[in-house]
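The values are calculated or read from the model by the stated rules, or taken from the named source; none is laboratory data. Source: prediction; values computed, not measured. FYI the Cβ positions are ideal-geometry reconstructions off the backbone, even for glycines, and counts take in every protein chain you see.
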Amino acid sequence: MIRAPASAPDHRPGWLAIAGPTASGKTALALALAQRWPVEIISVDSALVFRGMDIGTAKPSAAELASAPHHLIDIRDPLQAYSAAEFVHDATALLGQIRARGRLPLLVGGTMLYFKALFEGLDAMPSAQPALRAEIEAEASQLGWPALHAQLSQVDPVTAARLSPNDSQRIGRALEVWRASGRPISAFHTRDKAAEANRPLQIEGQPGLLLSLEPVERAWLHQRIAQRFDAMLAQGFIDEMTELRARGDLTPDLSSMRCVGYRQAWEALDAAENMGRQALNAQELAELHERGIFATRQLAKRQLTWLRSMPQRQVVACDQPGAMQQALELVEAALRPETA
């Protein structure tokens, strides 16, 4: 008996992703894809989860949000935390729901820790220990975070070396893990990097396509970062920050207020308040402008470093003519049904 040949497996991606440094054009590309294919956008951004933080995060406009289904935006109050583990849980559930609706999940953002957790999984380190954290924060209030950073350097020099002495959130977590498990937090990050570099990108066993927007000329990105920060200030970023501070329940140690731009604005407004003023003078505004742009450039540098460690990505030179068309053609080729 001659058997009919089995149908070839479908190698089209089960998800799409757009990653890149801040101001590289991720939102514009996502919306262009949404005009051509039935996608739903999952935000991969640790700042966009917070309500009331619109200008300083360059959150998509109401019109942009309405142009395609968006997820994981405005899901937390700035007083609340949102962890990588929560993101993986939420994003994984959304991937299944979107596919069940016959649509294609499109992950878009620049929070590389979220992408890393989604692609590689999370290390099985101890969960949050509120009692231990309260104990650590009490020590910090007496001794200061630099002293606790010195403690961390004794038990986990690898982690301490990459943290600022005033990075309260990460120092606190590292000490919490040490005290809970007796193991440094760096011991939980010992994956085989060479093996992972040669493994196709998958989420829950489902392969996909990662487009990485990377400029050839760093100066192009720096100019866009400066233009974006100028636009934020013109749109009322200082007023947004003033309203957030006026709530009275937010502190600079919260993850929301540690976002790039918000941290620098908080410090600037704190300094003005200590001088008996509620508004920034011209010199303070100029200093905030300089510090905000510098911090954003540093963020972009870290984002690019992470992306360049991933050989599985499809690079699009976002500062070159025809970048948008190149990206669309890559997606079209990936989604094209295979023919015998």
For L95: the one exception among (1) surrounded by 18 or more Cβ atoms within 10 Å (Cβ to Cβ); (2) closer than 23 Å to L304 by Cα: (2)
Any hit, the range 28-39, residues being surrounded by fewer than 20 Cβ atoms within 10 Å (Cβ to Cβ) and part of a loop (DSSP other than H, G, I, E, B): yes
Total residues in the range 43-78, condition of a type outside the set (G, A, S) and in a helix (DSSP H, G or I): 2
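If you go through the range 287-297 one residue at a time, do you hit one that is closer than 25 Å to D230 by Cα and β-branched (V, I, T)? Spell out the reasoning first.
Start the filter on the range 287-297 by keeping residues that are closer than 25 Å to D230 by Cα, which leaves 287-297.
Retained after the next criterion (residues that are β-branched (V, I, T)): 293, 296.
There is at least one residue in the range 287-297 that is closer than 25 Å to D230 by Cα and β-branched (V, I, T).
Among residues belonging to the range 196-240 that are among the β-branched types (V, I, T) and in contact with a helix residue (DSSP H, G or I) (Cβ under 7 Å, 6 or more places away or on another chain), point out the one that is modelled with the lowest pLDDT.
First pass over the range 196-240, keeping only residues among the β-branched types (V, I, T): 203, 216, 225, 238.
From the residues that got through so far, the ones that are in contact with a helix residue (DSSP H, G or I) (Cβ under 7 Å, 6 or more places away or on another chain) too are 203, 225, 238.
Working: I203: 88, I225: 98, I238: 96.
Restricting to residues being among the β-branched types (V, I, T) and in contact with a helix residue (DSSP H, G or I) (Cβ under 7 Å, 6 or more places away or on another chain), the top hit is I203.
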Single unsatisfied condition, R103 versus (1) in contact with a Leu (Cβ under 8 Å, 6 or more places away or on another chain); (2) of a type outside the set (F, W, Y); (3) within 30 Å of V331 (Cβ to Cβ): (1)
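Picking from D249, D270, which residue would you name as being in the same structural domain as V216 (by TED's automatic domain parsing), within 21 Å of D74 (Cα to Cα) and of a type in the set (D, E)? Before you say what the answer is, go through the steps one by one.
Working: D270 fails: within 21 Å of D74 (Cα to Cα).
It is D249.
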Among (1) touching a Leu at 6+ places or on another chain (Cβ under 9 Å); (2) over 30 Å from V39 (Cα atoms), the one test that L94 misses: (2)
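Go through the residues of the range 122-131 one by one and say whether even a single one is of a type in the set (D, E, K, R) and part of a helix (DSSP H, G or I).
Quick first cut of the range 122-131, residues of a type in the set (D, E, K, R) only: 123.
With part of a helix (DSSP H, G or I) added as a condition, the list becomes none.
Checked against the condition, which is being of a type in the set (D, E, K, R) and part of a helix (DSSP H, G or I), the range 122-131 yields no hits at all.
Is it the case that the range 69-87 has a residue that's among the small types (G, A, S) and exposed (fewer than 15 other Cβ atoms within 10 Å of the Cβ)? If you could, list the steps in order and put the result at the bottom.
Within the range 69-87, the subset among the small types (G, A, S) is 81, 83-85.
Going one step further and asking which of them are exposed (fewer than 15 other Cβ atoms within 10 Å of the Cβ), we end up with 81, 85.
Yes, the conditions are met somewhere in the range 69-87.
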Only listed residue being in a helix (DSSP H, G or I), without any contact (Cβ under 8 Å) to a residue 40 or more places away in the chain and loosely packed, with under 14 Cβ neighbours inside 10 Å, chosen from E243, E273, E284: E273
Pair list, Cβ under 6 Å, 6 or more apart: the range 80-95 residue assigned by TED's automatic domain parsing to the domain that holds V39 and more than 22 Å from G14 (Cα to Cα), other residue at pLDDT 95 or above and among the hydrophobic types (A, V, I, L, M, F, W, C): Y82/V49
Every pair of residues 6+ apart whose Cβ atoms lie under 8 Å, when the first sits in the range 54-65 and is free of Cβ contacts under 8 Å to residues at least 40 places away in the same chain while the second is among the polar types (S, T, N, Q): P60/T27; E64/T27
Restricting the range 228-240 to residues that are touching a residue at least 60 places away in the same chain (Cβ under 8 Å) and part of a helix (DSSP H, G or I), the residue that is nearest to G292 (Cα to Cα): F229
Pairs where the first residue, in the range 161-180, is surrounded by fewer than 17 Cβ atoms within 10 Å (Cβ to Cβ) and part of a helix (DSSP H, G or I) and the second is among the polar types (S, T, N, Q) and at pLDDT below 90, C-beta under 6 Å, 6+ apart: A180/Q129
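What number of residues in the range 1-42 are hydrophobic (A, V, I, L, M, F, W, C), more than 23 Å from I98 (Cα to Cα) and at pLDDT 95 or above? Break it down into steps so the answer makes sense when it comes.
The initial filter retains those residues of the range 1-42 that are hydrophobic (A, V, I, L, M, F, W, C), namely 1-2, 4, 6, 8, 15-19, 23, 28-34, 37, 39, 41-42.
The next check asks that each one be more than 23 Å from I98 (Cα to Cα); those that pass are 1-2, 4, 6, 8, 23.
Those left that are additionally at pLDDT 95 or above: 23.
Of the residues in that region, 1 qualify.
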